[in-house]
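Worksheet: one structure, shown below.
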Ligand SMILES: Nc1ncnc2c1ncn2[C@@H]1O[C@H](COP(=O)(O)OP(=O)(O)OP(=O)(O)O)[C@@H](O)[C@H]1O
Ligand SMILES: [Mg+2]
């Protein structure tokens with residue numbers, strides 16, 4: 001069930017600014033809300049901690065710091081930015097633009113080469129910035145509704161590290177499901193470089 005306090009915290013901050021707040025359709029996540037103003041849509045996600053549990057508050061604070069830190073660094077081509085972040089007693093809230101997406105279970109292999117290239121580019125960017133996503137799963141990869149764009153979300157578990165198994169994990173995950181096998185085929189191959197003439 002959606003946390004009452006989360007809803008109240010978001011309402012308190014956003015309603016005075018003219019935003020409409022509602023649960024996000026098509027997700028069972030109780031820590032996610034949708035905000036709307038002037039036709040612009042956003043997602044507010046809460047990382048909450050248990051009442052009166054300082055250890056859990058520390059865990060949530062860490063996750064909040066990790067996620068906001070990565071979101072602030074992401075390049076514009078990623079398609080995901082940090083719009084706002086704030087803390088209340090129990091909630092740590094992260095606001096990003098809403099991205100209309102479809103479930104991987106309805107993916108039929110469209111644009112596989114392009115999508116695999118986007119995932120590779122994103123992992124390459126993370127590696128260059130010594131960020132390990134650390135929670136590579138299909139549920140943490142959004143596939144846009146037109147199936148032309150794909151990107152990693154959810155950086156709560158990310159860590160600063162130059163050694164990382166994100167690539168290996170992603171390849172295994174893509175290979176596992178019949179719907180994403182086509183992506184795995186392109187993901188696993190090196191970028192084609194044209195052979196030079198030996199003449
Ligand atoms: N920017 C966004 N636009 C649209 N939907 C989003 C966005 N961010 C998150 N969602 C939806 O909310 C879900 C949960 O997001 P996220 O993974 O960041 O939260 P989480 O609490 O870590 O969830 P989980 O524990 O399942 O990984 C996503 O799978 C997606 O359905
Ligand atoms: Mg997630």
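Shape descriptor for region 4-97: Rg over Rh equals 0.97 (Cα atoms; Rh from the Kirkwood inverse mean 1/r). Note on region 101-197: Cα Rg divided by 2.2 N^0.38 Å, N the number of residues, gives 1.09.
Got the relative contact order for the chain handy, in percent, Cα pairs under 8 Å and 6 or more residues apart? RCO, the chain: 17 percent. Once both labels are positioned 7 Å from their Cα atoms along Cα-to-Cβ, the gap between residue 3 and residue 26 label points is 2.6 nm. The calculated FRET efficiency for residue 163 paired with residue 90, based on their beta-carbon distance and R0 = 35 Å, is about 0.50. In this label model, residue 76 and residue 62 are separated by 3.6 nm, measuring between points 7 Å along each Cα→Cβ vector. Measuring spread by the Cα atoms of the chain yields a radius of gyration and Dmax of 18.8, 75 Å. The long axis of helix 54-73 is offset from the longest Cα principal axis of the chain by roughly 50 degrees. Which FRET efficiency, nearest 0.05, do residue 148 and residue 125 yield, Cβ-Cβ r, R0 25 Å? The computed FRET efficiency comes out at 0.85.
Relative to the longest principal axis of the Cα atoms of the chain, the long axis of helix 166-176 makes an angle of roughly 80 degrees. Ranked by the mean number of other Cβ atoms within 10 Å per residue, highest first, peptides 21-29, 6-14, 70-78 order as 6-14, 70-78, 21-29. Short-range pairs are left out: with C-alpha atoms under 8 Å and at least six residues apart, the relative contact order of region 1-50 is 30 percent.
Here, each number is a calculation from the coordinates, and none is a lab measurement. In this text, all values refer to a predicted model and were calculated from it rather than measured experimentally. In this analysis, Cβ positions are derived from the backbone assuming ideal geometry, glycine residues included, and neighbour counts consider all displayed protein chains.
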